[in-house]
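Coordinate-derived values only; no laboratory data. Note that the structure is predicted; figures quoted are calculated from it, not measured. Backbone-built Cβ (ideal geometry, glycine too); neighbour counts: all protein chains shown.
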Amino acid sequence: MFSGFKGGIHPPENKHVAEDKAFTNLPVPQMCYIPLSQHLGAPAKPVVEVGQTVTEGQLIAEAGGFVSANVHSPVPGKVVEIKEINTVNNRQMAVVIEAEGAFSSSAQPRQTDDWEKLAPEEILRRIREAGIVGLGGAAFPAAVKLSPPKDKKIDILIVNGSECEPYLTVDDMLMQTFPKEIIDGTRMLMKVLGVTRAIIGIENNKKKAVQALKKTLASMSIKEDIAVKALRTKYPQGAEKQLIYSLTGKQVPSGGLPMEVGVVVQNVGTIFAAREAVVFSKPLFERYITVSGKMINKPGNYKVRLGTRISDIVEECGGLKGEPAKIVIGGPMCGLSIHSLDIPVVKGTSGILFLSKDEVKTGDFSQCIRCGRCVAACPINLVPCDLGNAVEKNRYDLVEELRPLDCIMCGSCSYSCPSNRPLSHFIKLAQAWVRKQKK
Ligand code: SF4
Ligand code: SF4
């Protein structure tokens with residue numbers, strides 16, 4: 001077993017709430033709210049008009065630049081509005097589609113293509129066309145990540161199955177349910193990158209997933225060198241730089257990308273979706289998510305159409321037990337809290353948590369007592385207390401040398417602080433200040 005990176009924390013895992021719950025398909029919503037910016041990069045540009053009829057999976061907005069992604073209709077129906085809506089990150093334009101008519105693709109037997117006969121360029125083209133983005137939460141367009149500059153030689157693909165965020169179990173269930181597809185998808189991306197080696201990294205609290213992948217791998221006769229490695233369960237094991245270090249010992253330089261050390265990282269959910277795009281010509285119009293927390297009646301792992309509002313999901317999951325103290329999109333460490341249920345599920349939504357009072361850290365923060373716990377927890381070797389103190393005192397002149405831009409926003413420092421100091425929030429302010437100075 002690999003021991004891994006410096007720092008990190010061990011928050012309560014709380015995986016038991018949804019763990020081992022097999023995937024359930026949630027019903028298709030009557031109205032879908034599909035934002036044009038569900039990815040990092042430029043928003044997609046709509047190619048449909050109000051009143052137009054669309055089919056399931058039809059392109060409704062095309063990538064607005066190299067770092068951008070196509071957006072497809074999750075349902076057959078009619079475009080009823082193109083308007084600004086609230087999303088988890090911001091207010092932005094969205095195509096609103098009312099479901100009607102026949103489900104042209106999901107109701108039909110699926111046509112399959114043998115990806116092994118396809119050229120790498122064709123595989124990449126299909127991934128780009130299908131609007132595949134990183135489904136671990138970052139939503140970076142997958143085709144861009146799979147197209148490193150010519151001078152960056154990639155020699156290893158890392159498959160991120162660590163799922164280190166508490167509560168989330170969707171990747172665990174994907175690996176248990178679809179091990180063959182994930183290995184197949186891994187081989188497919190290896191072909192695109194021209195690499196012969198891949199490592200699937202999984203935290204050792206997902207024993208069934210590790211076993212499923214190892215057993216499937218042993219039963220396949222393949223030429224590629226693919227290894228499944230169990231990693232120590234420690235947050236943030238799934239952060240790219242930490243995962244690369246844990247699996248290979250390579251250190252991505254400050255401000256650098258994984259490709260600088262010859263690595264590309266893709267999440268297991270992204271690999272699964274990419275394979276579906278290539279083999280079944282299926283655009284990314286639905287995804288698997290975890291719904292969890294003490295305040296939801298039926299926690300579990302669900303397949304859901306993109307554009308489904310959280311309010312529809314709550315209804316389908318048996319409603320709430322009472323008023324949640326906090327609703328979080330994503331995991332509790334890196335996720336964002338929301339204050340309205342009118343927000344749609346998008347490509348980057350890995351989970352929705354309905355948390356009770358006793359699951360949430362509350363209360364005012366107090367002075368730093370220089371205990372050093374935040375420094376010990378930081379996986380990037382930053383000094384979060386000094387960054388927090390500088391921001392609190394408006395001493396922005398001190399922040400740049402404390403390297404706030406290296407912060408990966410994992411929240412380990414805030415979690416560790418006995419004074420309840422909102423350190424990652426302070427660091428976000430420091431980052432904004434430094435970025436503004438650089439413009
Ligand atoms: S400073 Fe940033 S990287 Fe370090 S623990 Fe805090 S949030 Fe994580
Ligand atoms: S953990 Fe909190 S109290 Fe301790 S040094 Fe860091 S900021 Fe200060």
**segment 197-319 - Rg and Dmax from Cα coordinates, angstrom** = 17.6, 49
**Asked** Among the aspartates and glutamates, which have Cα under 18 Å from the Cα of Lys428 when same-chain residues fewer than 8 positions away are ignored?
**Response** Asp386, Glu392, Asp397, Glu400, Glu401, Asp406
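Shape verdict for segment 143-222, please, from the Cα gyration tensor: rounded (a/c under 1.5), prolate (a/b greater than b/c) or oblate. Please report the intermediate quantities before stating the final value.
Numbers: a/c = 2.44, a/b = 1.51, b/c = 1.62.
Since a/c reaches 1.5 but b/c is at least a/b, the shape of segment 143-222 is classed as oblate.
What percent does the relative contact order of the chain come to when contacts are Cα pairs within less than 8 Å and at least six residues apart?
19 percent
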**Item:** Stretchable slack from Phe365 to Lys208, in nm (0.36 nm times residue separation minus alpha-carbon distance)
**Value:** 52.5 nm
**Asked** What is the Cα coordinate range of segment 7-139 on the first, second and third principal axes, sorted by size from largest, in whole angstrom?
**Response** 52, 43, 33
**Prompt:** Cysteines without a disulfide-compatible partner in the chain, using Cβ under 4.7 Å as the rule?
**Reply:** Cys32, Cys164, Cys317, Cys334, Cys368, Cys371, Cys378, Cys385, Cys407, Cys410, Cys417
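Dipole magnitude of the chain about its Cα centre, charges +1 at Lys/Arg Cβ and -1 at Asp/Glu Cβ only, in debye to the nearest 20?
Details: 55 positive and 45 negative charges, 221 e Å.
Dipole magnitude for the chain comes out near 1060 debye.
Kirkwood hydrodynamic radius, the chain, all distinct C-alpha pairs: what's the number in Å?
22.5 Å
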**Burial order of peptide ranges 76-83, 29-36, 290-297, 393-400 (average beta-carbon count within 10 Å, highest first)** = 290-297, 29-36, 76-83, 393-400
**aspartates and glutamates with Cα under 17 Å of Lys321, excluding same-chain neighbours fewer than 8 positions away** = Asp312, Asp358, Glu359
**Message:** Below 8 Å, C-alpha to C-alpha, sequence gap of six or more: please give me the relative contact order for segment 61-102 in percent.
**Reply:** 35 percent
**Fraction of the pair-distance distribution of segment 118-280 above 23 Å, Cα-Cα pairs, percent** = 31 percent
**Item:** Cα-based reach from Lys153 at 23 Å (exclusive), listing lysines while leaving out same-chain residues under 8 positions away
**Value:** Lys145, Lys191, Lys223, Lys241, Lys250
**Fill in**
Residues meeting the amide H criterion for Ala227 (H placed from the backbone, H to H distance under 5 Å, 5 or more places apart or on another chain) are Ala198, Ile199, Ile200
**Request:** Quote the relative contact order of segment 118-280 in percent (integer), defining contacts as alpha-carbon pairs under 8 Å separated by 6+ residues.
**Result:** 34 percent
**Asked** Taking square-rooted eigenvalues a ≥ b ≥ c of the alpha carbon gyration tensor, is segment 201-253 rounded, prolate or oblate, where a/c under 1.5 means rounded and, failing that, a/b exceeding b/c means prolate?
**Response** oblate
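To the nearest whole percent, what portion of all C-alpha pairs in segment 20-76 is separated by more than 14 angstrom? All intermediate terms of the calculation are to be shown ahead of the outcome.
Working: 956 of 1596 pairs.
The share of Cα pairs beyond 14 Å in segment 20-76 comes to 60 percent.
With n ≥ 4 as the cut-off for DSSP H runs, can you work out [θ] at 222 nm for the chain, using -39500 (n - 2.57) per run divided by the number of residues, rounded to the nearest 500? Write out the running numbers ahead of the final one.
Values: 12 runs with 114 residues, N = 439.
Roughly -7500 deg cm²/dmol at 222 nm, from the helical runs in the chain.
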